[in-house]
Amino acid sequence: MSKRLKSVQTALARQKLDALLVRTFEGDNQNVLYLSNFGGTTAVLVITRKKAFIVTDGRYFARAKQEAPDFRLVKVQRGKKVTDHVNDALAMAGLTKGARVGFEAAHIPVAVAKDWAKEIKGKLVPTVHLVERFRQYKDAAEISLLKKACRATCRVYAEVVPLIEPGMTEQEVAFELDMRLRKHGAFGNSFPSIVASGPNSAVPHHATGDRKLKAGEPVILDFGGVFAGGYCSDITRTVFVPGKSPHPRMQEIYQVVLAANKAARKALKPGVKWRDYDRVARDYIAERGYADYFTHGLGHSLGLVAHDPYDYEHDAFQVGTVVTDEPGIYIDGFGGVRIEDDLVVTSDGAERLTSAPYWKF
Ligand code: GLY
Ligand code: MN
Ligand code: MN
């Protein structure tokens with residue numbers, strides 16, 4: 001039985017729950033993959049203190065059997081409701097109407113929760129962050145997969161930079177990134193690639209379009225893939241279109257953002273909280289006069305999704321936290337710079353997973 005499943009079963013007892021329902025619908029909940037290793041898009045896990053079931057439909061019987069050996073397969077039959085099968089699983093675990101059955105409040109739409117309350121035999125109890133709490137801290141196997149994902153993503157960057165030239169459109173650059181991510185092992189993008197050129201680089205999450213790149217202007221490349229095991233990369237580099245020297249102010253902004261990125265990385269270690277990590281980069285940028293131009297958070301947790309769940313307000317970093325470090329300065333009508341690295345917290349600091357070089361003017 002996997003350590004992850006065991007941890008959740010132990011947490012059930014602590015929270016006075018007899019079972020937990022973990023549902024993914026159209027792949028909207030990576031907790032299913034995390035706990036069961038089932039990578040399909042639709043399933044309900046029924047986890048009790050001692051047993052574990054996976055309820056899924058005919059598209060996924062073979063995969064559930066193969067990918068989730070710790071879970072007993074409950075086959076959805078045509079004409080029956082998923083909740084009928086959830087009830088079957090609860091009964092097989094010896095649970096009756098009085099059982100306290102947790103469901104993930106962050107992942108279940110209100111309409112589904114209402115149906116479940118009527119149809120599932122047991123007292124439904126909303127849970128928050130129960131599984132996510134474990135996902136915050138990556139083990140050695142997860143870190144190894146994240147390292148591989150980042151290495152491949154940096155290879156993509158190295159291949160694409162020399163292709164960038166005046167006249168190319170943002171979309172054409174994005175296509176090169178996406179195609180090469182797949183070539184280097186990604187199963188998909190961890191989010192739609194952002195290619196933001198010239199004045200568009202002042203828009204932190206610009207919608208990549210058909211604007212043509214011009215010599216000397218900045219281009220923000222923000223991209224990542226979903227690699228083996230479902231682990232994601234997320235990197236940003238700001239590059240400059242060849243043919244003309246970049247504007248001196250743009251060069252200055254680049255150096256400020258890069259120094260802020262490095263300062264934050266240096267400050268990252270076990271025990272530090274998010275707001276203090278964020279403050280290091282924010283203070284640095286503010287001291288250089290750009291306080292109003294760094295308009296988003298310094299980063300986020302990274303794992304099975306690009307923005308992995310994390311209790312940003314309360315939890316301190318521990319060994320195995322994987323975060324992004326992505327300060328930026330955005331000047332409306334002029335342009336912007338963002339530099340994003342993926343970092344893993346180690347016993348005495350942090351290690352950079354994204355080794356792609358920074359720009360040299
Ligand atoms: N591309 C999304 C992010 O960097 O957070
Ligand atoms: Mn990014
Ligand atoms: Mn990011």
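Only one residue in Val32, Val76, Val46, Val22 is farther than 27 Å from Leu302 by Cα and aliphatic (A, V, I, L, M). Which one?
Values: Val32 fails: farther than 27 Å from Leu302 by Cα; Val46 fails: farther than 27 Å from Leu302 by Cα; Val22 fails: farther than 27 Å from Leu302 by Cα.
The conditions single out Val76.
Which members of region 213-232 meet the condition of being crowded, with 23+ Cβ neighbours inside 10 Å, small (Gly, Ala, Ser) and more than 9 Å from ligand 2 (Cβ to nearest atom)?
Result: Gly225, single match.
Which residue pairs have Cβ atoms under 6 Å apart, sit 6 or more places apart or on different chains, and have a first residue in region 110-134 that is surrounded by fewer than 13 Cβ atoms within 10 Å (Cβ to Cβ) and a second that is of a type in the set (A, V, I, L, M, F, W, C)?
Listed pairs, sorted by first residue: Ala117/Leu124; Pro126/Ala105; Val128/Ala105.
Any idea which of Ala186, Ala207, Ala215 is within 23 Å of Phe294 (Cβ to Cβ), in a loop (DSSP other than H, G, I, E, B) and of a type in the set (Gly, Ala, Ser)?
Ala207
Output the residue which, of all residues in region 296-311 that are within 9 Å of ligand 3 (Cβ to nearest atom) and surrounded by fewer than 24 Cβ atoms within 10 Å (Cβ to Cβ), is farthest from Asn31 (Cα to Cα).
His300
Can you tell me which residue within region 55-93, out of those that are of a type in the set (Lys, Arg) and over 15 Å from Arg23 (Cβ atoms), is surrounded by the fewest Cβ atoms within 10 Å (Cβ to Cβ)?
Initial filter on region 55-93 (of a type in the set (Lys, Arg)): 59, 63, 65, 72, 75, 78, 80-81.
Pick out the ones that are also over 15 Å from Arg23 (Cβ atoms) and you get 59, 63, 65, 72, 75, 78, 80.
Details: Arg59: 12, Arg63: 14, Lys65: 15, Arg72: 17, Lys75: 14, Arg78: 6, Lys80: 11.
It comes out as Arg78.
Would a scan of region 243-257 turn up a residue that is among the aliphatic types (A, V, I, L, M), at pLDDT 95 or above, under 30 Å from Arg275 (Cα atoms) and within 16 Å of ligand 3 (Cβ to nearest atom)?
Yes, region 243-257 has at least one match.
Just to be sure I understand, how many residues within region 143-187 are in contact with a helix residue (DSSP H, G or I) (Cβ under 6 Å, 6 or more places away or on another chain) and at positive phi?
Adding up the residues that qualify gives 1.
Mind listing just one residue for me: the one in region 218-260 that is closer than 15 Å to Leu177 by Cα and in a loop (DSSP other than H, G, I, E, B) and, of those, farthest from the chain's Cα centre (by Cα)?
For region 218-260, the residue satisfying everything is Phe227.
List the pairs whose first member sits in region 349-361 and is charged (D, E, K, R), whose second member is assigned to a strand (DSSP E or B), and whose Cβ atoms are under 6 Å apart, counting only residues at least 6 apart or on separate chains?
Short answer, once both residue conditions are applied: Glu351/Val344; Arg352/Asp341; Arg352/Leu343.
Name every residue in region 197-212 that is within 15 Å of Phe334 (Cβ to Cβ), surrounded by fewer than 19 Cβ atoms within 10 Å (Cβ to Cβ) and either at pLDDT below 95 or within 15 Å of ligand 1 (Cβ to nearest atom) (or both), in order of residue number.
Val203, Pro204
Every residue in region 233-259 that is within 16 Å of ligand 2 (Cβ to nearest atom) and small (Gly, Ala, Ser), please.
Within region 233-259, just Ser233 meets the criteria.
Kindly state which strands (runs of 3 or more DSSP E) lie completely within region 41-128 and contain at least 3 residues that are out of contact with any Lys or Arg (no Cβ under 8 Å at 6 or more places or on another chain).
On the way: elements: 43-48, 52-56, 72-75, 100-104, 123-127.
Per the criteria, 43-48, 123-127.
Pull up region 234-275, narrow it to residues that are out of contact with any strand residue (DSSP E or B) (no Cβ under 6 Å at 6 or more places or on another chain) and of a type in the set (S, T, N, Q), then point me to the one that is farthest from Arg338 (Cα to Cα).
Ser245
Considering region 340-356 alone, what residues qualify as being within 16 Å of ligand 1 (Cβ to nearest atom) and within 18 Å of the chain's Cα centre (by Cα)?
Glu340, Asp341, Asp342, Leu343, Arg352, Leu353, Thr354
Condition test on Ser355, is it within 19 Å of Leu145 (Cβ to Cβ) and of a type in the set (Gly, Ala, Ser)?
Yes: the conditions hold for Ser355.
Has region 46-54 got any residue that is surrounded by 15 or more Cβ atoms within 10 Å (Cβ to Cβ), without any contact (Cβ under 8 Å) to a residue 40 or more places away in the chain and over 21 Å from Pro126 (Cα atoms)?
No, there is no match, as no residue in region 46-54 is surrounded by 15 or more Cβ atoms within 10 Å (Cβ to Cβ), without any contact (Cβ under 8 Å) to a residue 40 or more places away in the chain and over 21 Å from Pro126 (Cα atoms).
The values are calculated or read from the model by the stated rules, or taken from the named source; none is laboratory data. It should be emphasised that the depicted structure is a prediction, and the values quoted were computed from it without experimental measurement. Counting neighbours? That spans all protein chains shown, and the Cβs are built from the backbone with ideal geometry, glycine included.
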